[in-house]
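Trainee: Okay, handing you the structure first.
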Amino acid sequence: MDDEERQELSDRIDGLRLIIASLIEALPNSTEILWRLQQTEAMARRHNLPAGVLKELVDLRETLDEL
C-alpha cells in the first residue's frame with residue numbers, strides 16, 4: 001500500500017467515523033451510547049487490544065463530543 005492509498009483509506013475512515021457519530025447523536029439514547037463507548041474504551045485498554053482499536057474508539061468519542 002503506497003502513501004496515496006493509505007491517505008485515501010484514512011480519509012474514508014474519517015468520513016465513516018463522522019457518519020457513525022452523526023447517527024449516534026441523532027438517537028434518543030445517545031448519552032447512554034456515549035457512556036457505553038467510554039466503557040468499551042476502558043475495557044479495550046484493560047485487555048491490551050491493538051492500538052488501532054483504541055485510537056478508533058477515542059476518535060469516535062471525540063467526534064461525538066464535537067457534535
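The values are calculated or read from the model by the stated rules, or taken from the named source; none is laboratory data. Just so you know, these numbers come straight off a predicted model, no measurement behind them. Counting neighbours? That spans all protein chains shown, and the Cβs are built from the backbone with ideal geometry, glycine included. Heavy atoms of the whole protein, side chains included, go into the accessibility calculation; ligands, DNA and RNA do not. Shrake-Rupley method; radii C 1.70, N 1.55, O 1.52, S 1.80 Å.
Trainee: Just one of Glu32, Glu41 is more than 13 Å from the chain's Cα centre (by Cα) and in a helix (DSSP H, G or I); which is it? Walk me through how you get there before you give the answer.
Mentor: Numbers: Glu41 fails: more than 13 Å from the chain's Cα centre (by Cα).
Selected residue: Glu32, the only one of Glu32, Glu41 that is more than 13 Å from the chain's Cα centre (by Cα) and in a helix (DSSP H, G or I).
Trainee: Let me ask something else about it. Does at least one position in the range 46-58 carry a residue that is part of a helix (DSSP H, G or I), without any contact (Cβ under 8 Å) to a residue 40 or more places away in the chain and over 13 Å from the mean Cα position of the chain (by Cα)?
Mentor: yes
Trainee: With (1) open to solvent by 100 Å² or more (accessible area, probe 1.4 Å); (2) assigned to a helix (DSSP H, G or I); (3) not aromatic (Phe, Trp, Tyr) as the list, and Met1 as the residue in question, which single condition is left unmet?
Mentor: That leaves (2) as the condition not met.
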